[in-house]
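One structure is given below, encoded as structure tokens.
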2 protein chains.
Amino acid sequence: MESSKAASGGSTRREATRQKLYEAAVTLIAEQGFSATTVDEIAERAGVAKGTVYYNFASKSVLFEELLRHGVELLTASLREAAEQTERDGGSKVDALDAMIRAGLVFIDRYPSFTQLYVAELWRTNRAWQSTLMVVRQQAVAVVEGVLREGVKNGEFSEEIDVALTASALVGMVLVAALDWKSFQPERSLDDVHAALSRLLQGRVSGRR
Amino acid sequence: MESSKAASGGSTRREATRQKLYEAAVTLIAEQGFSATTVDEIAERAGVAKGTVYYNFASKSVLFEELLRHGVELLTASLREAAEQTERDGGSKVDALDAMIRAGLVFIDRYPSFTQLYVAELWRTNRAWQSTLMVVRQQAVAVVEGVLREGVKNGEFSEEIDVALTASALVGMVLVAALDWKSFQPERSLDDVHAALSRLLQGRVSGRR
DNA sequence: ACTTTTGCACTGACCAGTCAGTTCAAATTG
DNA sequence: CAATTTGAACTGACTGGTCAGTGCAAAAGT
């Protein structure tokens with residue numbers, strides 16, 4: 001008896017519970033960490049029985065791993081889109097970086113828990129999902145590195161910049177500033193935060209205005 | 001966290017085992033997280049009996065909390081020292097920031113595990129040691145903010161910069177760049193990394209040469 | 001139309017194992 | 001000798017994962 005394939009892929013029902021589980025897991029793990037979060041808690045928050053978790057995911061780790069992949073792919077797509085949009089508009093590479101900073105802020109604004117959880121896991125070693133994490137991380141950072149490299153090629157950036165390290169630093173700048181924003185000054189507007197980071201990016205910090 | 005002779009308070013012997021426990025706990029928790037690390041593991045890695053852990057610390061959380069406080073105080077002292085040293089040498093505020101970046105790198109170079117663990121916990125909520133963490137975080141960030149504020153006052157920095165946000169962004173820049181350095185390019189020299197970050201700080205990214 | 005079958009999605013009680021924390025007599029150390 | 005450490009046994013709460021069984025909507029059979 002074939003199931004009625006509603007839309008592409010799995011059944012709608014299953015996909016819906018998966019989504020609920022993702023959402024429940026994300027907030028709990030962001031708050032407490034992976035090990036401190038129990039499967040019972042996730043199930044309860046998702047409004048689902050524990051067995052359902054194991055019906056949908058092979059294990060707690062697998063649930064987490066797919067959550068991670070899912071989230072970072074969303075971010076990567078968003079960054080790439082921002083860069084390409086700037087390209088189409090004939091903007092400079094600095095404009096592209098600026099657009100990506102904004103895209104990053106928008107993402108973190110929308111998924112603060114995911115971001116927090118991602119940061120908490122990123123540099124850990126000896127964990128089951130470490131390799132998965134490395135792959136998706138590289139995808140995201142590569143977008144930034146790509147723009148930097150093109151900027152060097154067309155002479156907009158100095159040839160002496162260290163592409164990998166500069167990309168890391170830029171990501172860190174946005175990441176930490178945004179997390180602090182969400183944690184300690186959540187009332188501020190995204191534009192406000194973006195403006196401050198833009199200024200930093202363009203070296204308009206030193207020098208009297 | 002170097003041992004400091006018989007400082008005020010405890011006997012040298014006790015302090016030594018405490019130190020061993022800190023070091024064991026730091027690496028284990030950095031790798032696996034707090035909840036995934038067992039007290040038995042910590043004791044074993046420290047080459048000490050489990051009973052000793054509880055003779056020296058009231059609980060696993062307390063051990064962790066004191067570890068956290070201890071580490072951040074070390075960092076704060078180091079940052080403050082860098083800023084004051086620049087002051088004495090008659091350097092500018094940018095020089096002070098640069099010196100603090102270096103101090104940060106030196107710290108992370110020496111205690112990568114601690115840094116990692118700190119980042120993993122910093123934005124978590126609902127944890128026992130959250131308040132402790134907030135206090136020490138503020139101490140460290142305040143040093144950076146102080147330099148920025150003085151720079152604004154003496155006209156070296158634009159009055160339009162957002163001190164708190166810029167401080168966060170700078171911290172993030174160093175933090176993420178350094179963690180990536182240690183994780184993915186550990187063979188690079190500190191000077192090398194410092195040079196790249198200095199360039200970014202001084203806006204020497206855009207513009208040729 | 002109407003019954004029966006099929007199998008997907010979900011349930012929740014249960015189990016075997018793990019871990020923080022306790023206890024304490026004996027050993028070690030300075 | 002007093003402070004500190006040892007080491008092993010023990011407890012009791014908690015956790016990841018399992019599994020026999022339920023509900024139900026669509027397909028098949030009549």
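The values are calculated or read from the model by the stated rules, or taken from the named source; none is laboratory data. Because the structure is a prediction, the values reported are computed rather than measured. Cβ: placed from backbone, ideal geometry, glycine included. Neighbour counts: every protein chain shown. Just the protein is used for accessible areas: all its heavy atoms, side chains included, with ligands, DNA and RNA removed. Shrake-Rupley method; radii C 1.70, N 1.55, O 1.52, S 1.80 Å.
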Filter result (within 11 Å of another protein chain (Cβ to nearest Cβ) and either open to solvent by 10 Å² or more (accessible area, probe 1.4 Å) or within 30 Å of A:Lys60 (Cα to Cα) (or both)) within region A:139-165: A:Val141, A:Val152, A:Asn154, A:Gly155, A:Glu156, A:Glu159, A:Glu160, A:Ile161, A:Asp162, A:Val163, A:Ala164
Any hit, region B:150-159, residues being under 20 Å from A:Val176 (Cα atoms), in a helix (DSSP H, G or I), out of contact with any Gly (no Cβ under 7 Å at 6 or more places or on another chain) and among the basic types (Lys, Arg): no
In region A:25-42, the residues that are more than 14 Å from DNA strand C (Cβ to nearest atom) and open to solvent by 30 Å² or more (accessible area, probe 1.4 Å): A:Thr27, A:Glu31, A:Gln32
Residue tally, condition within 17 Å of B:Leu175 (Cα to Cα) and touching a Lys or Arg at 6+ places or on another chain (Cβ under 7 Å), over region B:122-138: 2
Scan of region B:43-61 for residues that are among the hydrophobic types (A, V, I, L, M, F, W, C) and more than 8 Å from DNA strand C (Cβ to nearest atom), ordered by number: B:Ala43, B:Ala46, B:Val48, B:Ala49, B:Phe57
Test set (1) open to solvent by 40 Å² or more (accessible area, probe 1.4 Å); (2) charged (D, E, K, R); (3) over 14 Å from the mean Cα position of the chain (by Cα) - A:Asp98 fails condition number: (1)
Restricting region A:47-93 to residues that are part of a helix (DSSP H, G or I), in contact (Cβ under 8 Å) with a residue 60 or more places away in the chain and loosely packed, with under 15 Cβ neighbours inside 10 Å, the residue that is farthest from DNA strand D (Cβ to nearest atom): A:Glu73
Selection from region A:29-38 of residues that are touching a Ser or Thr at 6+ places or on another chain (Cβ under 9 Å) and within 13 Å of DNA strand D (Cβ to nearest atom): A:Ile29, A:Gln32, A:Gly33, A:Phe34, A:Ser35, A:Ala36, A:Thr37
Tally of residues being more than 9 Å from B:Val176 (Cβ to Cβ) and in contact with a Gly (Cβ under 8 Å, 6 or more places away or on another chain) across region A:161-176: 1
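This table checks each residue for (1) part of a loop (DSSP other than H, G, I, E, B); (2) open to solvent by less than 10 Å² (accessible area, probe 1.4 Å).
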{"residue": "B:Leu105", "(1), (2)": "no, yes"}
{"residue": "B:Ile108", "(1), (2)": "no, yes"}
{"residue": "B:Gln116", "(1), (2)": "no, no"}
{"residue": "B:Val119", "(1), (2)": "no, yes"}
{"residue": "B:Asn126", "(1), (2)": "yes, no"}
{"residue": "B:Thr132", "(1), (2)": "no, no"}
{"residue": "B:Arg137", "(1), (2)": "no, no"}
